[in-house]
1. Which of the residues spanning segment 75-90 are open to solvent by 50 Å² or more (accessible area, probe 1.4 Å) and modelled with pLDDT under 90?
2. Find all pairs meeting these conditions: Cβ atoms under 9 angstrom apart; at least six residues apart or on different chains; first residue within segment 49-69 and farther than 23 Å from Leu85 by Cβ and open to solvent by 50 Å² or more (accessible area, probe 1.4 Å); second residue of a type in the set (Ser, Thr, Tyr) and assigned to a helix (DSSP H, G or I).
3. Here are some residues: Tyr32, Tyr104. Which one is modelled with pLDDT of 90 or more, of a type in the set (Phe, Trp, Tyr) and open to solvent by 50 Å² or more (accessible area, probe 1.4 Å)?
4. Given the condition at pLDDT 80 or above, of a type in the set (Ser, Thr, Tyr) and in a loop (DSSP other than H, G, I, E, B), answer yes or no: does some residue in segment 116-126 qualify?
Amino acid sequence: MLGWGLGAFPVVYPQFRTFYTKFFVNEAHNDYLQLLVETESPASLSHSGFWSSLFRGAAPKLKNWTETINGTLTVAALLGCIGILVHSFLDFNLQIPANAALFYVLCAIAASSPFQESQRRRAETTI
């Protein structure tokens, strides 16, 4: 129920693999699967709570995203987060510290409260 513990995949995996190989398998090459194997239910629940709070925090700023800088930054940050999350299905990129730091910075930008915008608007240009 609690899994094997974080970082235990390279130790535990050889006991359960069904084929012989001379290669050392240090990661699952799927962050979600490895998290589920190592921590089971507790991490899955906190993982789901993190995603729901991220998208709930970002949703109000997306109404007029083409007209406000808050919405534009939120869309850009969410696209970066989604790109990293999709890549996590095929690789262990969130276990690389620089990628994880970038991911959490993008999450903070997406879920943060709106920035104070200037009252000045750009002059409309007509061609």
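1. Quick first cut of segment 75-90, residues open to solvent by 50 Å² or more (accessible area, probe 1.4 Å) only: 76, 79, 82, 86-87, 89-90.
Hits for segment 75-90 are Phe89, Leu90.
2. Listed pairs, sorted by first residue: Thr66/Thr72.
3. Details: Tyr32 fails: modelled with pLDDT of 90 or more.
None of the other options fit; the residue is Tyr104.
4. So the first thing to find is which residues in segment 116-126 are at pLDDT 80 or above, and the list is none.
No.
The values are calculated or read from the model by the stated rules, or taken from the named source; none is laboratory data. Being a predicted model, the structure only gives us computed values, none of them experimental. Backbone-built Cβ (ideal geometry, glycine too); neighbour counts: all protein chains shown. Accessible surface is based on the protein model in full, side chains and every heavy atom, while ligands, DNA and RNA are left aside. Shrake-Rupley method; radii C 1.70, N 1.55, O 1.52, S 1.80 Å.
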